[in-house]
1. When only residues in region 111-146 that are touching a Ser or Thr at 6+ places or on another chain (Cβ under 7 Å), surrounded by 17 or more Cβ atoms within 10 Å (Cβ to Cβ) and modelled with pLDDT of 80 or more count, which is nearest to Asp78 (Cα to Cα)?
2. If I filter region 46-68 for residues that are buried (at least 16 other Cβ atoms within 10 Å of the Cβ) and in a helix (DSSP H, G or I), do I get at least one hit?
3. So the check is Cβ under 6 Å with 6+ separation or different chains; which pairs have a first residue in region 130-143 that's under 18 Å from Lys110 (Cβ atoms) and a second one that's part of a helix (DSSP H, G or I)?
4. Name the single residue, out of those in region 80-97 being in a loop (DSSP other than H, G, I, E, B) and hydrophobic (A, V, I, L, M, F, W, C), that is surrounded by the most Cβ atoms within 10 Å (Cβ to Cβ).
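The values are calculated or read from the model by the stated rules, or taken from the named source; none is laboratory data. Treat the numbers as computed from the prediction; the structure is a model and nothing was measured. Cβ coordinates were reconstructed from backbone atoms using ideal geometry, including for glycine residues, and neighbour counts include every protein chain displayed.
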Amino acid sequence: MVFYSADYDRKAKADRESAILKARDLVKNPSRYNKATSYGAPKYVKNLVFDPKTGEIVTTKQKPTFNEAKLREEEKFDGYYAIVTSEWKKKDEEIIEIYRGLWQIEEAFKVTKSDLETRAVYLSRTDHIEAHFLICFVALVIARLLAQCLDNQYSVPRVVESLNKASGTLLEKNWYTAIFSTTPMKSQKPSPKNSISI
């Protein structure tokens with residue numbers, strides 16, 4: 001079965017966004033990157049050569065350029081999914097609904113392991129480990145709600161990254177405003193409308 005989903009289309013574009021931004025920056029400033037720091041971006045860059053021993057970018061006669069053709073080729077398939085299943089008795093709509101839930105589960109595991117650092121490495125007491133996992137779970141729920149409030153235009157890792165970079169300043173007692181943020185949390189002029197009370 002092959003189907004198209006506008007939500008999956010948006011998700012694919014959101015997931016790819018950070019790699020594209022990094023690839024464009026890599027083309028402009030190749031000296032700032034190596035194989036480890038350029039993760040995800042090299043597939044969008046032509047004429048990129050890494051030293052197999054050090055992982056550093058090797059300067060060649062051909063300057064690195066952004067591979068628009070590769071990006072356009074990937075974008076053609078955004079939102080399209082092919083499903084092979086043994087559930088031949090189920091209706092198409094049921095299979096699609098089951099499949100739609102899988103990426104959310106996979107993303108939740110990925111986010112909790114990487115972005116929210118659920119591995120309780122430095123904890124040994126059971127109550128501390130349980131508290132750590134509870135905090136990580138609540139953080140995941142809040143991040144998913146924020147992504148939903150942003151119409152799922154940004155992936156949960158992108159929302160978490162934006163929150164980590166955000167900072168604010170005190171306006172008056174219990175009122176704060178954003179002084180630095182990145183997309184999806186764009187900076188705005190101080191006003192009660194975009195300030196929060198805590």
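1. Leu140
2. no
3. Cβ pairs passing all conditions: Cys136/Thr112; Leu140/Thr112; Ala143/Val156; Ala143/Val159; Ala143/Val160.
4. Quick first cut of region 80-97, residues in a loop (DSSP other than H, G, I, E, B) only: 83-91.
Filter once more, so that each one left must be hydrophobic (A, V, I, L, M, F, W, C): 83-84, 88.
Numbers: Ile83: 13, Val84: 5, Trp88: 6.
By that ranking, first place goes to Ile83.
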